[in-house]
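Just so you know, all these numbers are worked out from the coordinates, no wet-lab data involved. A quick note: this is a predicted structure, and the numbers were derived from the prediction, not measured. All Cβ positions, glycine included, derive from the backbone under ideal geometry; neighbour counts span all protein chains shown.
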Amino acid sequence: MALVVQKYGGTSVGSPERIRAVAQRIAACVRQGNSLAVVVSAMGHTTDELIELASKVSANPPHREMDMLLTTGERISMALLSMALADLGIHAMSLTGSQSGIITDDSHRRARIKRILGDRIRGALAEGRVAIVAGFQGVSEKKEITTLGRGGSDTTAVALAVALKASRCEIYTDVDGVYSADPRAVPGARLWSELSPDVMVELATRGAGVLHPRSVELAKQHGMALWVLNSLKPVGQEGGTRVVIQPPVAGMEEL
Ligand code: ADP
Ligand code: ASP
Ligand code: MG
């Protein structure tokens, strides 16, 4: 039985219908005999809306309070996805970053993951449940809630895959994979079936939002197999780009 970490981005869980479709996709994967930990982003533009809401209340919101606010977006998706799975007869359990033991440094709004305890995730998986984990968030040693920066759910997914020693990490989004340029802005952009992590980091740091640069660095450092796939396509027709990761460099196994 393979342990797979999947991550679904904001568009993929952007409406009740899409959440139910993601639940169907997860159910199919479970019925194939896989064990699954699933990371979710906030629905659609929820994070942008929360930022705008804060700006209407305060001209200079404290970063700590922004993290308290923004982490609620992912809590909504994780609970709704677990409910949709229950309807399909799949036992799931939603967990916040803090409940998952995702320990970060103290830097509100741009925290880095230091380690993942993951006890409750492992417990859920051992009971045959799907663990649904809120992306983009963690907790500091001082028990302060933190966020990882915009797009940070990709990093949650890869870090979790490393911590759980998963066989692969699948990032589901709203395009067929990684293109030579943003396919929405450049109509002739070419889909990569495979690309190196170095090219991917370069694309990401130049603004290709499809993968958070830190997630690619982590996958490279730890030798984690990383895929970008389209959640809006039927199961088995997701297209996909494989980020070709070599085995880890000795001595670099720490998160
Ligand atoms: P998610 O919510 O799934 O994390 P994002 O919006 O963060 O999705 O990333 C997916 C988007 O990234 C695509 O809709 C696409 O417009 C954009 N994008 C920018 N550059 C690229 C690229 N080189 N390849 C693929 N998508 C890209
Ligand atoms: N919801 C957060 C954001 O919009 C994190 C993520 O989607 O990865 O940036
Ligand atoms: Mg993203």
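Enumerate the calculated ³J(HN,Hα) couplings along the range 98-105 in order (Karplus 6.51 cos²θ - 1.76 cosθ + 1.60, θ = phi - 60°), each rounded to whole Hz, writing x wherever the residue is Gly or Pro.
Whole-Hz 3J(HN,Hα) from phi for the range 98-105: 5, 4, 7, x, 8, 8, 10, 6.
Please compute the modelled spin-label separation between K165 and I76, points set 7 Å along Cα→Cβ, answer in nm with one decimal.
Spacing of the two 7 Å Cα→Cβ label points: 3.9 nm.
Is there a quick way to get the dipole size of the range 125-255? I mean about its Cα centre, with the Cβ of Lys and Arg at +1 and of Asp and Glu at -1; what is the value in debye to the nearest 20? All intermediate terms of the calculation are to be shown ahead of the outcome.
Values: 13 positive and 15 negative charges, 28 e Å.
Value, rounded to 20: 140 debye.
Run the helix sum for the chain: -39,500 (n - 2.57) per DSSP H stretch of 4+ residues, divided by residue count, reported at 222 nm to the nearest 500 deg cm²/dmol.
Calculated at 222 nm, the ellipticity per residue is -11500 deg cm²/dmol.
Could you identify which residue out of V178, V186, V133 has the top mean-square fluctuation in a GNM of the chain using Cα springs shorter than 10 Å?
Residue with maximal mean-square fluctuation among V178, V186, V133: V186.
Per q in 0.08, 0.17 Å⁻¹, report the Debye log10 I(q)/I(0) for the chain, using one uniform scatterer on each alpha carbon and no solvent.
The Debye formula, applied to the Cα set alone, gives -0.28, -1.36.
Suppose we look only past 18 Å in the calculated P(r) of the range 58-180. What percent of the Cα-Cα pairs does that tail hold?
Values: 4047 of 7503 pairs.
Roughly 54 percent, rounded to a whole number.
Given Cα pairs under 8 Å that are at least 6 residues apart, what percent is the relative contact order of the chain?
On the way: 572 pairs, mean separation 50.1, N = 255.
This gives 20 percent for the chain.
Using a cut-off of 13 Å between alpha-carbon atoms, which aspartates and glutamates can reach K56, once sequence neighbours fewer than 8 places away in the same chain are excluded?
Here the aspartates and glutamates satisfying the reach criterion relative to K56 are D48.
Please state the relative contact order of the range 49-187 as a whole percent: Cα pairs under 8 Å, 6+ residues apart? Working shown, then result.
Working: 209 pairs, mean separation 30.5, N = 139.
After rounding, I find 22 percent.
Determine the percent antiparallel among the DSSP beta bridges restricted to the range 104-255, to the nearest 5.
Values: 8 of 16 bridges.
Approximately 50 percent, going by the DSSP bridge assignments.
If you count, for each residue, the other Cβ atoms within 10 Å and average over each peptide, how do 237-245, 222-230 line up from highest to lowest? It would help to have the intermediate numbers written out before the result.
Numbers: 237-245: 18.3, 222-230: 20.7.
Ranked by mean Cβ neighbours within 10 Å, highest first: 222-230, 237-245.
Which whole-number percent gives the relative contact order of the range 168-210, counting Cα pairs below 8 Å spaced six or more residues apart? Can you show the working numbers first?
Values: 23 pairs, mean separation 14.5, N = 43.
Taking the mean separation of contacting Cα pairs over the length of the range 168-210, I get 34 percent.
Taking 7 Å along the Cα-to-C-beta vector as the label spot, tell me the A225-E141 distance in nanometres, rounded to one decimal.
Calculated label separation equals 3.6 nm.
How much length would be gained if the chain were fully extended between H63 and R150, taking 0.36 nm per residue of separation minus their Cα-Cα distance, in nm to one decimal? Display every interim value, and only then the final one.
On the way: separation 87, 0.36 × 87 = 31.32 nm, distance 1.37 nm.
That pair, H63 and R150, stretches by 30.0 nm at full extension.
Measure up K7/K142; K7/K165; K7/K143; K143/K220; K7/K233 against 21 Å on the Cα-Cα distance and list the ones that go over. Display every interim value, and only then the final one.
Working: K7/K142 27 Å; K7/K165 16 Å; K7/K143 25 Å; K143/K220 29 Å; K7/K233 15 Å.
Beyond 21 Å between Cα atoms: K7/K142; K7/K143; K143/K220.
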